[in-house]
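Read the structure below first, then the notes.
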Amino acid sequence: MPDISLTMVVVLCLAALAAGWIDAVVGGGGLLLLPALLLGLPNGASAAQYALGTNKAVAIVGTSGAAVTYVRRTPVDVRIAVRIGLAALAGSTAGAFVAAGMSTEVLKPVVMVVLLGVGAFVILRPSFGTAPATGPVPPRRVLAAIGLAGVGIGFYDGLIGPGTGTFLVLTLTAVLHLDLVTASATAKIVNCCTNAGALATFAWKGTVYWQLAALMAVFNLVGGTVGAHTALKKGSGFVRAVLLTVVFTLVAKMAYEQWLA
C-alpha cells in the first residue's frame, strides 16, 4: 500500500466508482481514474508506471463486471467480441512497442480532429446507433471489425490510449450496425482482453499497488455494474448523450495537455 492519506484513499475510491459507471455506459472511465491516480500516488521516477499499472488492475474488475451484466441482459455475440479482443490484444502490444521509440505528442492533434468529426457526425445523425441489428452479421463486417476495432484501435490503445473505449463503441456501432447499448456491451468484452494483456505486463514489471487496487476495484466493480444496468434501462438515447459528453471532454483534456499544460 503506498504512503497516502486516508482522505486520498477515499477520493481515489470515489473516482474508481465514477470511472466504473462512465466506462460501463460508453467507455472513457480512464479519463477520470488515471489522472486521479497520478494526483494521489506518491511522486517519484516510476510514479506514472505505478499509476498505469494500478489503473489496469482496477479497471479490469469493473470492466469484467459490466461485461457480465451486459451479457446476461442483452444479446451479445461473445465469439465475435472475443475474436476482436484477441486482435486488439495483439494490436495494443504492437502499439506499445512503437510508443517506446517515438513521441506520441505529434499524434494528439490528429486524434482531436477525429474526435471532433465523430462528435459532429453523432450530432448530425440522431438515428446513429438507435436501431438494433437484424439478422446475423456478414463475415466481411466481422473481418472489418477485427481489423478496425481490434488491430487498429488496439494499436492506438498501446500507442496513446485515451478514449479507447469510446472509439470501440463508435467503430462497433458503425461497422457491425449495432445499437449503442449492444456496442457498449461488446466493447466491454474487448476491453477485458486488452486490459488482461496490459495488466500482465505491468504485473511482470512489478508496478502495481495491489492492496490499493483491490480496494478501489470494489468501488469500480459497483460503478461498472450500476453503469451497465443504467445503460440497459435508459437505452441508446441515453448512451448517445453520455457518448457526446465523453467525446468533447476528451477533446478538451487533450487540447489542454497539448497546448496549455
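The values are calculated or read from the model by the stated rules, or taken from the named source; none is laboratory data. All figures in this text were calculated on a predicted structure; none of them were measured in a lab. Counting neighbours? That spans all protein chains shown, and the Cβs are built from the backbone with ideal geometry, glycine included. In case anyone asks, the SASA skips ligands and DNA or RNA and just uses the protein heavy atoms, side chains included. Shrake-Rupley method; radii C 1.70, N 1.55, O 1.52, S 1.80 Å.
Miscellaneous remarks
- Matching residues, segment 225-261, being outside any helix (DSSP H, G or I) and open to solvent by 50 Å² or more (accessible area, probe 1.4 Å): Ala261
- Residue that is touching a Gly at 6+ places or on another chain (Cβ under 9 Å), buried (at least 19 other Cβ atoms within 10 Å of the Cβ) and modelled with pLDDT under 90, where the choices are Leu17, Leu41, Leu37, Leu31: Leu31
- Between Ala213, Ala228, Ala185, the distinction of being at pLDDT 85 or above, in contact with a Ser or Thr (Cβ under 6 Å, 6 or more places away or on another chain) and within 27 Å of Val113 (Cα to Cα) belongs to Ala185 only.
- Residue check, Ala200 of a type in the set (A, V, I, L, M), open to solvent by 30 Å² or more (accessible area, probe 1.4 Å) and at pLDDT below 90: yes
- When the criteria are applied in full, Thr166 meets the requirement of being out of contact with any Phe, Trp or Tyr (no Cβ under 6 Å at 6 or more places or on another chain), under 27 Å from Met112 (Cβ atoms) and part of a helix (DSSP H, G or I).
- Some residue of segment 89-98 being more than 30 Å from Pro2 (Cα to Cα) and either open to solvent by less than 50 Å² (accessible area, probe 1.4 Å) or among the basic types (Lys, Arg) (or both): yes
- The one condition in (1) part of a helix (DSSP H, G or I); (2) open to solvent by 10 Å² or more (accessible area, probe 1.4 Å) that Thr173 fails to fulfil: (2)
- Segment 102-151, residues that are among the β-branched types (Val, Ile, Thr), modelled with pLDDT of 75 or more and over 22 Å from the mean Cα position of the chain (by Cα): Val137
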